[in-house]
Amino acid sequence: MPYTEFEQSLNEAFFSATPGFVEIKEKDALLQCEGLDQAYIKEMFKSGVRMDAGREEAGAVCYFPIVQEMKVVSVLLLRPKQGEKEGFARDIQYLKLLSELACQWVAEKLERETWQKRFGEIHLETRKLIQSITEPFCLVDQDGLIQEMNEHMASLFRKRRTTLMGEKIMQYITKEKWESIKSRNEKDEMVVQVPGNQGEAYFATIQPVKSKQGIVSYMILLKSKKTEKPEQAGRRLYHFEDILGVSEILKQTIQSAKRVSKSDVTIMLRGESGTGKEMFAQAIHHESDRKDQPFVALNCAAIPENLLESELFGYEKGAFTGAEKEKPGRFELANHGTLFLDEIGDMSLYLQAKILRVLQEKTLERIGSNKSRKIDVRIITATHRNLEELIRKGEFREDLYYRISVIPIYIPPLRARKEDLSVLIEHFTRKYSKDLNKHPKRLAAETLDRLMQYDWPGNIRELQNVVRHFVELEIGDTVTLESLPSSLQTGSKSLPPSVKKSARTNHYQTRLDKRQVLELLERNGRSTEGKKKTAADLGISLATLYRYLKKMQG
């Protein structure tokens with residue numbers, strides 16, 4: 001760049017610098033700058049350091065690098081015209097300063113344009129990602145302004161997506177719900193209603209987006225309550241085709257359940273533990289007209305009584321200590337669908353009365369609220385207990401009994417359908433072999449005979465545990481008697497009398513019999529529920545059983 005034209009050219013560079021206009025690549029610089037010492041320029045592209053030419057014959061005095069992301073992307077060359085070297089030398093310090101400022105300005109402009117381009121690409125990719133989400137989704141800032149959303153959310157609000165951008169979310173959900181969303185500091189779930197969509201209720205998953213300064217926006221994902229509960233998403237319900245067996249008694253039971261599936265009549269599933277009552281409940285729901293609505297299950301015996309009420313009916317924010325947010329109960333979550341109440345015989349009389357009122361009036365009130373909410377829920381219950389005996393003892397309400405057992409269905413125990421054993425054993429053997437990446441093994445004739453002779457007091461749950469036991473332990477191609485649990489190796493049809501006696505005692509012996517404990521665990525399973533049942537059979541607390549197991553392992 002000639003010295004006499006330098007200042008004018010510098011001003012032009014300030015206003016027209018773009019990557020395509022001022023950028024001089026290494027190859028171009030070497031070709032266009034005749035007489036320059038090319039070694040200097042090559043070194044500058046490598047090091048990014050300004051260099052001064054020291055030889056008169058080189059013709060150029062200074063080379064100034066334009067650096068972007070720690071890399072030289074262009075070079076500003078400063079040299080005088082013929083006959084102007086004296087003036088150039090006199091003002092060299094001033095010119096160097098201007099040149100360095102020019103290079104810095106151009107580099108900053110290039111960097112801004114590069115980041116703007118990258119930001120545009122990222123924004124485009126983010127928009128594509130948001131559009132790929134199959135549920136209604138939007139991004140809202142702290143003031144409630146919609147920053148981005150997908151077409152599913154726009155369709156829900158019945159407007160064009162571009163029209164909705166920048167509008168306030170409070171126009172489409174209630175102000176109270178927005179304030180509740182803003183109070184969330186962590187990922188959370190709640191139920192919202194969309195006024196513009198016939199007031200339909202949705203499950204909302206709220207995820208705050210945080211920076212060092214705090215929450216900057218909220219991601220909101222909606223899922224219709226007509227589908228599954230959020231934590232049940234992806235869960236496949238059992239169908240009647242999944243209930244395996246060839247026995248006539250099982251076929252009759254399935255046919256009875258199918259016949260009443262289409263109606264909304266209440267059903268009570270009776271049967272021993274481990275017979276598959278929840279499997280039947282899911283199959284009935286799937287066969288019903290409510291199959292596209294939620295199926296919600298609750299084991300009444302697995303939840304402490306002081307928590308069961310809030311789990312069933314929900315509660316409002318501030319209803320009790322620790323109720324920092326509202327929560328819908330199982331009845332609400334199952335609205336328009338099916339609520340399966342397992343082990344209802346373990347429910348207290350107080351909660352029995354509340355459930356009876358809900359079934360009669362088809363409304364409920366959350367804990368801490370006097371607002372009645374309409375519900376439409378089909379009820380299926382299950383129990384292994386003798387409810388008639390509990391009614392005589394005054395431990396179960398007779399009016400509730402008649403309300404929930406319009407259609408009783410008895411699920412037969414495994415000992416009453418021994419012809420189903422071979423089918424079930426083959427099924428579970430293949431299943432667990434696949435889970436453990438093993439080849440399915442065949443059963444020796446004497447092993448199958450022993451399994452057929454056994455009475456299976458734990459029913460299908462116990463059979464599953466036995467099959468898992470020999471699939472895990474057998475190293476050969478054939479399952480022998482030695483691969484069976486010890487309780488089945490003796491040839492007895494049920495648990496040993498000594499185990500039965502100890503399982504019913506009310507007095508805990510300080511020295512438990514290790515064999516008895518292991519046999520009960522094999523029968524009931526090693527899950528938390530299996531251990532609870534084992535502790536109950538032994539007449540001890542669950543904590544005592546855990547201490548004993550820990551001592552055995554030590």
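Every number here is computed from the coordinates shown, using simple stated rules; none is lab data. What you see is a predicted model, and the numbers here were worked out from it, not measured in a lab. Here the Cβ is made from the backbone with ideal geometry for all residues, glycine too, and neighbour counts use every protein chain on show.
Taking H as built 1.01 Å from N, whose amide H comes closer than 5 Å to the amide H of D455, not counting residues under 5 places away?
So D455 has HN proximity to S494.
Using alpha-carbon positions, what is the distance between the centroids of the stretch 261-333 and the stretch 409-488, in Å?
Result: 32 Å between the Cα centres.
Within 10 Å, count the other beta carbons around each residue, average over each peptide in 447-455, 370-378, 120-128, and list them highest first. Display every interim value, and only then the final one.
Numbers: 447-455: 16.7, 370-378: 14.3, 120-128: 10.6.
Highest to lowest by the protection proxy: 447-455, 370-378, 120-128.
Between A416 and H439, what is the FRET efficiency for a Förster distance of 35 Å, r being their Cβ-Cβ separation, to the nearest 0.05? Mind showing how you got there, number by number?
On the way: r = 33 Å, r/R0 = 0.94.
Efficiency for this residue pair is about 0.60.
Counting other beta carbons within 10 Å of each residue's own, what order do I425, I254 fall into, fewest first?
Listing I425, I254 from fewest to most nearby Cβ atoms yields I254, I425.
Sorted by packing (mean other beta-carbon atoms within 10 Å per residue), highest first, where do 349-357, 206-214 land?
Top of the packing list down: 349-357, 206-214.
Simple spin-label model, 7 Å along Cα-to-Cβ: H427 to Y546 in nm?
3.4 nm
Which of V140, V406 has the fewest other C-beta atoms within 10 Å, and how do the rest follow up to the most?
So the ranking, lowest neighbour count to highest, is V406, V140.
Please arrange F280, F320 by how many other C-beta atoms lie within 10 Å of their C-beta, fewest to most.
Details: F280 24, F320 10.
Going from sparsest to densest Cβ surroundings: F320, F280.
Taking a ≥ b ≥ c as the square roots of the eigenvalues of the Cα gyration tensor of the stretch 295-358, is the shape rounded (a/c under 1.5), prolate (a/b larger than b/c) or oblate? Working shown, then result.
On the way: a/c = 1.78, a/b = 1.27, b/c = 1.40.
Note, shape of the stretch 295-358 comes out oblate.
Pull up all non-local amide H partners of Y410: gap of 5 or more, or a different chain, and H-to-H distance under 5 Å with H placed in the peptide plane.
R270
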